[in-house]
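Data block below; observations after.
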2 protein chains.
Amino acid sequence: MKTPAQAPKGETLSKARLRVWLKLLKSVNGIETEIRRNLRDRHGTTLPRFDVMSALARFPDGLKMSDLSTYLKVSNGNVTGIVDKLTEEGLALRVAVPEDRRAQMARLTAKGRAAFEELAQHHEDWINTLLDGLTARDVEALSAHLDIILDRHMDEDGRDAQ
Amino acid sequence: MKTPAQAPKGETLSKARLRVWLKLLKSVNGIETEIRRNLRDRHGTTLPRFDVMSALARFPDGLKMSDLSTYLKVSNGNVTGIVDKLTEEGLALRVAVPEDRRAQMARLTAKGRAAFEELAQHHEDWINTLLDGLTARDVEALSAHLDIILDRHMDEDGRDAQ
DNA sequence: TCAAATTGTTTTAAGCTTGAAATTTTAGGG
DNA sequence: CCCTAAAATTTCAAGCTTAAAACAATTTGA
């Protein structure tokens, strides 16, 4: 009969939720720090750039700047700057939208797609290693618990419900 | 026999881990965004300030600046700026360390302690609401899965092992 | 038709974060 | 005692992020 060390017996549910939140934060921050370091040291890039490339890779025809910022849940101004940099590096480009002269589609270039394929494979490998303690069964159980959180307070758009 | 919608049958373990990582990230980012908004709109403060106050509240005698940055896993320069701001607001102060003139202890003032008590209670309430879908049993199960991740790649200092 | 509202994007100002350089002080040989 | 290395902290430059303002183009409705 083994009880987690930091789980006091009479702990209220509220305190228990606070504890698991701190653990969630620590896990995600730890993994994210490692991913950022790998992207910087092994590929000379950053997580925001990877995120944008990842989004654009999912939409080969490109994404309007505003759709990109909605999809990534960051500000419009933010994606403007990131796409600017990717464009300077020849990894992305903007194409005009014929029927709406305000809008632009951001797309990956061939070079950008190739660079992303490489990054994506390594990224998956890094995550696979960082989560190598989790079995398939663990992954499903963890996923189910996260769904409870997501379904309750984050709707499809990722915004907090109500 | 119900299968999670996004879990393809023949999915490799590596892909499954990648999926759960993205879900972890989405959950934490969603909660963190809500906490930041609450701190800003309802208390006129920020998450980094709350984190520093929370650390100092745990150590009534104060913490050396370097211990504070180690504890919070942020850079030295970062805590310098945050403690500067808290000090300007009368919530924290720096006291000299007699035996080492290089070092300083950061401490909460009485005002800082009072402000933190208020913040901490609200913070716990917010988390309790955001995680209200999780039962005590869910919390323990989730906690156990996070321990697997933390034990495997984040040691006590929070740095990635090996 | 045309003024007002809305939409798409960029610019800007401010704050956060980091890593590296600079500063000050302490500790350890020789 | 001195000189070098190490440690504690701050300063600095660069990049990321956001919210708000500015700008441009489109849509709406009177």
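The values are calculated or read from the model by the stated rules, or taken from the named source; none is laboratory data. Here the structure is a predicted model, which means the values were calculated and not measured. So basically every Cβ, Gly included, is an ideal-geometry build from the backbone, and we count neighbours across all protein chains shown. With ligands, DNA and RNA removed, areas are computed over all heavy atoms of the protein, side chains included. Shrake-Rupley method; radii C 1.70, N 1.55, O 1.52, S 1.80 Å.
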Checking A:ARG40 against (1) more than 11 Å from DNA strand D (Cβ to nearest atom); (2) surrounded by fewer than 17 Cβ atoms within 10 Å (Cβ to Cβ); (3) part of a helix (DSSP H, G or I); (4) not acidic (Asp, Glu), the condition it does not meet: (1)
Counting only residues that are open to solvent by 70 Å² or more (accessible area, probe 1.4 Å) and assigned to a helix (DSSP H, G or I), how many does the range A:79-92 have? 2
Of the numbered conditions (1) open to solvent by less than 40 Å² (accessible area, probe 1.4 Å); (2) within 9 Å of DNA strand D (Cβ to nearest atom), A:LEU18 fails exactly one; give the number of that condition. (2)
Among (1) under 17 Å from B:LYS26 (Cα atoms); (2) aliphatic (A, V, I, L, M); (3) surrounded by fewer than 16 Cβ atoms within 10 Å (Cβ to Cβ), there is one condition A:VAL95 misses while meeting the rest; what is its number? (1)
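Output the residues belonging to the range B:48-75 that are of a type outside the set (A, V, I, L, M, F, W, C) and under 17 Å from the mean Cα position of the chain (by Cα).
B:PRO48, B:ARG49, B:ASP51, B:SER54, B:ARG58, B:ASP67, B:SER69, B:THR70, B:TYR71, B:LYS73, B:SER75
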When residues of the range A:97-150 are limited to those that are outside any helix (DSSP H, G or I) and among the small types (Gly, Ala, Ser), the one nearest to DNA strand C (Cβ to nearest atom): A:ALA103
Among the residues of the range B:45-65, is any assigned to a helix (DSSP H, G or I), within 11 Å of DNA strand D (Cβ to nearest atom) and buried (at least 16 other Cβ atoms within 10 Å of the Cβ)? yes
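Condition check ((1) closer than 14 Å to B:HIS123 by Cα; (2) not β-branched (Val, Ile, Thr)) across all residues:
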position	(1), (2)
B:GLU34	yes, yes
B:ARG37	yes, yes
B:ASP41	yes, yes
B:THR45	yes, no
B:PRO48	yes, yes
B:MET53	yes, yes
B:PHE59	no, yes
B:SER66	no, yes
B:TYR71	no, yes
Taking the range B:49-84, which residues are in contact with a His (Cβ under 9 Å, 6 or more places away or on another chain) and small (Gly, Ala, Ser)? B:SER54
If you scan the range B:16-27, which residues turn out to be within 13 Å of A:HIS145 (Cα to Cα) and of a type in the set (A, V, I, L, M)? B:VAL20, B:LEU24
